[in-house]
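> First the structure, which I've put down as structure tokens, then a few questions once you've had a look.
What follows draws every value from the coordinates through simple rules; no lab data is involved. As the structure is a computational prediction, the values presented were derived from the model and not from experiment. Don't worry about glycine lacking a Cβ; one is built from the backbone with ideal geometry, like all the others, and counts go over all protein chains shown.
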Amino acid sequence: QVQLVESGGGLVQAGGSLRLSCVASGTFFSINTMGWYRQAPGKKRELVASITNAGIINHVDSVKGRFTISRDNVKKTVYLQMNSLKPEDTAVYYCNTLPTYYPWGQGTQVTVSS
């Protein structure tokens with residue numbers, strides 16, 4: 001059974017940093033493109049960043065230069081380093097494959113205060 005477990009969120013002031021982690025159990029993790037998604041209150045879930053099994057990375061424009069996605073295939077973990085956080089980054093953050101395939105995890109809440 002596939003399980004995605006996100007962690008690392010919290011409350012931080014604008015300009016601060018957080019590092020999110022997502023452990024993917026029960027999957028052929030190394031062959032999947034993985035993504036970090038986020039959903040702000042009242043908004044649709046959106047893709048924030050992705051990384052292929054070869055390490056090719058994409059970030060949406062709103063987080064370029066501030067967020068960095070990475071992965072460890074041995075640990076079946078994908079990370080999101082978030083720097084220079086802004087209040088508009090406040091959301092629940094999730095990981096999943098790209099395109100999405102597995103059941104969503106519980107996500108991790110990121111709250112950025114101004």
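> With charges only on Cβ, +1 for K and R and -1 for D and E, what is the dipole size of the chain about its Cα centre, in debye, rounded to 20?
Dipole size: approximately 20 debye.
> Another question, then. With point charges of +1 on the Cβ of Lys and Arg and -1 on the Cβ of Asp and Glu, referenced to the Cα centre of region 3-86, which listed residue (Thr27, Ile51, Gly10) lies farthest in the positive direction of the dipole?
The one lying farthest along the dipole's positive direction is Gly10.
> May I ask you to derive the FRET efficiency for Glu88 and Ile31 from their Cβ-Cβ distance with R0 = 25 Å, giving the value to the nearest 0.05?
Efficiency computed from Cβ-Cβ geometry: 0.15.
> In the chain, how many lysine pairs have Cα atoms under 23 Å apart, counting only pairs 8 or more places apart or on different chains? Each step should come with its number before you reach the end.
Working: Lys43/Lys64; Lys43/Lys86; Lys44/Lys64; Lys44/Lys86; Lys64/Lys86.
Eligible lysine pairs with Cα atoms under 23 Å apart amount to 5.
> Right, next: Determine, from the Cβ-Cβ distance of Ala40 and Val74 and an R0 of 41 Å, the FRET efficiency 1/(1 + (r/R0)^6), rounded to the nearest 0.05.
Computed FRET efficiency for Ala40 and Val74: 0.80.
> Run through the DSSP bridge list for the chain and note the antiparallel percent, rounded to the nearest 5.
Details: 34 of 38 bridges.
Beta bridges within the chain, antiparallel portion: roughly 90 percent.
> What is the Cα radius of gyration of region 1-40 over 2.2 N^0.38 Å, N being its residue count?
For region 1-40, the normalised Cα radius of gyration comes out at 1.45.
> Quick check: Cα centre of region 9-43 to Cα centre of region 56-102, how many Å?
Rounded to whole Å, the Cα centres lie 5 Å apart.
> In whole Å, what are the extents of the chain along the principal axes defined by its C-alpha atoms, from largest to smallest?
Between the extreme Cα coordinates on each principal axis of the chain lie 40, 25, 23 Å.
> Relative contact order of the chain, please, whole-number percent, based on alpha carbon pairs below 8 angstrom and at least 6 residues apart.
Taking the mean separation of contacting Cα pairs over the length of the chain, I get 37 percent.
> Using a basic spin-label model with each label point 7 Å from the Cα along Cα→Cβ, how many nm lie between Gln13 and Gln81?
Distance between label points: 2.3 nm.
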